[in-house]
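Following: one structure in structure tokens, then a few remarks.
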Amino acid sequence: MISTPIVDFVKNYAKENKARFHMPGHKGVPILGFESLDITEIQGADELYYADGIILQSEQNAASLFGTSRTVYSAGGSTQSIQAMLFAAYQRAEKNNPFVLAGRNAHKAFIYAAAKIGFDVEWLYPENNNNSICSCHLSAKDVEEKLNLLSHKPFAVYITSPDYLGGMADIKSISEVCRKYNIPLLVDNAHGAYLAFCKENLHPIALGADMCCDSAHKTLPVLTGGGYLHCAKSNLYGFADNIKSATAVFGSTSPSYLILQSLDLCNKYIAEKIREDIEVCTAKADKIRRIMKDKGIENVSAEPLKITTVYPDAEHFRTFGIEPEYADGEFTVFMLSPFNGEADFEKLAAAFSAVVSHRSTPAADSRGFVKSQVGLSIREAVFAQSETVKTENAVGRICAAPTVSCPPAIPIAVSGEIITAEHIRLFKAYGIEKIAVIK
């Protein structure tokens, strides 16, 4: 049986009713109702970035469940984990023009990592670059062909899988290419923590990634901000040895113990119940997909617990009391979980059943990535003085901080790129009216 050392410690501390002459300032007084369980690094509570007690024990439980050499917690979501794993890889890079080969649909947390750490990026674009900035279908062939064109090798290959629309890369084949060239493979698996517990283990670590991050809160019963950073069982590049110090560089010195408790308790749920629950949830998702098929509505997601439609749009579903994960006028994304109740699935089934007319393909206008000239490095652009201008006035200017909402948080123009008329068209298509540019 999996233990819950963090939860047990905090519950016992709350029961002791001690005088709290320590942070936080609420002193356990219930304003929202959870304050008695919200503590800081008091004696016995361990310390996230130097864990040798209850947090270490809980992280070791997680590592055993995910099958890793080391799993460490993040209270700063996948943003913290993305930056930490890139930093860990950068530490072993040759410092002569270090760069990462990355799928173009990288989250803006990746862009900020490049700025903070100071590496450059060589972008991988998908062969089919028409439908959405949210997707980037890369193959092992794409990766190998690009590696062969480069004058020297990157210190890491970085991909996002699953992507925002539910596309899943062939991580096994890509990892084999990376191994051939002795380059670590890093995966942003923010949307796929649950994949380790499907009938077939589809988690990046199981498929050959050297490091990956999971946003536990996206698909598991964990509070928002809870995440994992995993190191492969092989520990081929020694990442497990120093990953804690890498996470400390990018995390608050006051991590939330509420988040840590939810990660701790999730271990127990994973050990005892998750596989059965995912199987049941997948069966319910399949029923929805059958309704969609009968209506001629395509599901473009390959991910087991994600449904992505081209049409109808989000407003149709909102009339049925449903709020999707993401909608951009082209795609509507639904993230499913065992914690969606029967009533949730009944609403979704009713909404799809009520569709009268639809289109099954994206609109003719391309919403794919724009390849642009670079005016400054990412680091130079992010830290330069900037100003905000109306979108239509940005042609020819250099992009400063990436202007994109979250979700999907995938930049239309990357910091340092020269903004073109094609960028402007896409900004308008995604509802972005103002852009930060270099002064």
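Derivation of every value follows stated rules applied to the coordinates shown; laboratory data play no part. This is a predicted model, so every value here is computed, not measured. Virtual Cβ from ideal backbone geometry, glycine too; neighbours counted across all protein chains shown.
Highest-first packing order for the peptide set 410-422, 18-30 is 410-422, 18-30, based on the mean count of other beta carbon atoms within 10 Å. Select from 267, 58, 192 the residue farthest towards the positive end of the dipole of the chain; place +1 on Cβ of Lys and Arg, -1 on Cβ of Asp and Glu, and compute about the Cα centre. Ranked along the dipole, the leading option is 192. Radius of gyration over Kirkwood radius for the range 274-353, both on Cα atoms: the Rg/Rh ratio is 0.93.
Think of the range 49-249 as a dipole: +1 on every Lys or Arg Cβ, -1 on every Asp or Glu Cβ, centred on the Cα centre; then among 159, 181, 211, 211 lies furthest on the positive end.
Less than 5 angstrom separates the built amide H of residue 170 from none of the residues sequence-distant by 5 or more or on a different chain.
Between residue 199 and residue 29, the FRET efficiency estimated from the beta carbon spacing at R0 = 45 angstrom works out to 0.45.
In this structure, the amide hydrogen of residue 74, modeled 1.01 Å from its nitrogen in the peptide plane, lies closer than 5 angstrom to those of 227, 228, 229, counting only residues at least 5 positions away or on a different chain.
Cross-link reach is defined here as a Cα-Cα straight distance under 18 Å, omitting same-chain residues fewer than 8 places apart; for residue 108 the lysines meeting it are 116, 218, 371, 434.
What aspartates and glutamates could a cross-link reach from residue 233, if we take a straight Cα to Cα line under 13 Å and drop same-chain neighbours fewer than 8 places away? Those aspartates and glutamates meeting the cut-off are 210, 241. Only helices enter this figure: runs of n ≥ 4 DSSP H residues, each worth -39500 (n - 2.57), summed and divided by the residues of the chain, yield -10500 deg cm²/dmol at 222 nm to the nearest 500.
Other residues with beta-carbon under 11 Å from the beta-carbon of residue 106 carry, at +1 per Lys or Arg and -1 per Asp or Glu, a net charge of 0.
Assuming R0 = 60 Å, what is the FRET efficiency of residue 392 and residue 287, from their Cβ-Cβ distance, to the nearest 0.05?
Once rounded, the FRET efficiency stands at 0.85.
Between residue 22 and residue 275, the FRET efficiency estimated from the beta carbon spacing at R0 = 45 angstrom works out to 0.65. Amide H contacts under 5 Å for residue 320: none, restricted to partners 5 or more places along the chain or on a different chain, H placed in the peptide plane at 1.01 Å from N.
Write out the chymotrypsin sites (Phe, Trp or Tyr not before Pro) in the range 318-400 meeting two conditions: DSSP loop, and at most 13 other Cβ atoms within 10 Å of their Cβ.
Filter output for the range 318-400: 339.
The residues packed around residue 123, meaning those with a beta-carbon under 13 Å from its beta-carbon, carry a net charge of -1 if Lys and Arg are +1 and Asp and Glu are -1.
Which residue, chosen from 40, 80, 67, occupies the Cα position most advanced towards the positive end of the dipole of the range 7-89, where the dipole is computed from +1 (Lys, Arg) and -1 (Asp, Glu) charges on Cβ about the Cα centre? So the residue we want is 40.
For the chain, a crude dipole built from +1 on the beta carbon of Lys and Arg and -1 on the beta carbon of Asp and Glu, taken about the Cα centre, is about 340 debye to the nearest 20.
Backbone geometry of the range 10-21 corresponds, through the Karplus equation with coefficients 6.51, -1.76 and 1.60 at θ = phi - 60°, to 3J(HN,Hα) couplings of 5, 4, 5, 5, 4, 5, 6, 6, 6, 6, 8, 8 Hz, x marking Gly and Pro. Consider the candidate values [x] 0.97; [y] 1.00; [z] 0.95; state which one is Rg/Rh (Cα atoms, Kirkwood Rh) computed from the structure displayed. Only one option fits the structure, namely [x]. On full extension, the segment bounded by residue 3 and residue 242 gains 83.5 nm, given 0.36 nm per residue less the C-alpha separation. Show me, for the range 385-391, the HN-Hα J-couplings you get by feeding each phi into the Karplus relation (A = 6.51, B = -1.76, C = 1.60, θ = phi - 60°), rounded to Hz, glycine and proline as x. My calculation for the range 385-391 gives 5, 9, 9, 9, 10, 5, 3 Hz in order.
With contacts taken as Cα pairs under 8 Å at a separation of at least 6 residues, the range 378-438 carries a relative contact order of 47 percent. Coupling constants for the range 427-439 follow from the phi torsions by the Karplus curve (6.51 cos²θ - 1.76 cosθ + 1.60, θ = phi - 60°), and in residue order they are 3, 5, 4, 9, x, 9, 9, 9, 9, 8, 10, 5, 5 Hz; glycine and proline get x.
Restriction of the trypsin sites (Lys or Arg not before Pro) in the range 51-125 to DSSP coil positions whose beta-carbon has at most 10 other beta-carbons within 10 angstrom yields 95.
With K and R counted +1 and D and E -1, the other residues having a Cβ less than 10 Å from that of residue 191 yield a net charge of -3.
In summary, the aspartates and glutamates within cross-link reach of residue 293, defined as a Cα separation below 18 angstrom excluding same-chain residues under 8 places away, comprise 303, 313, 346.
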